[in-house]
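For reference, the structure is listed below as structure tokens.
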Amino acid sequence: MCERMENQVGRLVLMLSHTILKNRNRHMAAIGLTSSQADCLRFCLEQENRTVTELKDYLGITHQTAQGLVRRTAEKGLLTVRRSREDGRCQLLSLTPAGKAAAEQMIQSRERTGDKLLHGMSSEERTEFLRLLQLAYENVKND
């Protein structure tokens, strides 16, 4: 019996997602990070002096969970936390030099994964693959 294409697509995307996550977790563990800590560093790398509340919203987690994540990441010496001068309730996050170095390793790992995903594709196929992935994501993100 021939399996419907919709079932094949869903299964392959799920397998790809699981494989990427498994590899990411292994790569992050090699540099001493959890996946959540890697997400925190990525967020802080995008812009200095972001707040814990912005991190909470970015990751879609509770404020308490964000506070714990920030505390554990700071304990590793990857992040500094200071009170805002304008609003003492806000905690501002900045990467330390060690945090920036870990973030750079994360970027290299992500680029290596991207290279592997795109291996064997022409420039046109890469562009089309990205376009189709974005379209597929938009199709299901609010389902």
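The values are calculated or read from the model by the stated rules, or taken from the named source; none is laboratory data. Here the structure is a predicted model, which is why all the values come from computation and not from measurement. In case anyone asks, the SASA skips ligands and DNA or RNA and just uses the protein heavy atoms, side chains included. Shrake-Rupley method; radii C 1.70, N 1.55, O 1.52, S 1.80 Å.
Using a 1.4 Å probe over the heavy atoms of the protein chains, calculate the carbon and sulfur portion of the accessible area of the range 29-126 as a whole percent. Intermediate results must be reported in sequence, preceding the final value.
Numbers: 2900 of 6000 Å².
Carbon-and-sulfur percentage of accessible area, whole number: 48.
Compute a Gaussian network model of the chain, connecting alpha carbons closer than 10 Å, and tell me which residue from THR62, THR127, THR51 fluctuates the most. For the chain, modelled as a Gaussian network with Cα springs under 10 Å, the answer is THR127. For the chain, set up a GNM with springs between Cα atoms under 10 Å and report which of SER123, SER35, SER17 has the largest fluctuation. Maximum fluctuation in the GNM of the chain, among the listed residues, is at SER123. Computed with a 1.4 Å probe over protein heavy atoms only, the accessible surface of the chain comes to 72 Å² per residue. Of the residues LEU118, LEU93, LEU55, the one that moves most in a GNM of the chain with alpha-carbon contacts below 10 Å is LEU118.
Averaging the sequence gap over all C-alpha pairs within less than 8 Å and six or more residues apart, then dividing by the number of residues, gives the range 66-142 a relative contact order of 17 percent.
When only Cα pairs under 8 Å and 6 or more residues apart are kept, what is the percent relative contact order across the chain?
On the way: 103 pairs, mean separation 28.2, N = 143.
Dividing the mean separation by the residue count of the chain yields 20 percent.
For the range 51-88 and the range 1-48, write down the distance between their C-alpha centroids in whole Å. Rounded to whole Å, the Cα centres lie 23 Å apart.
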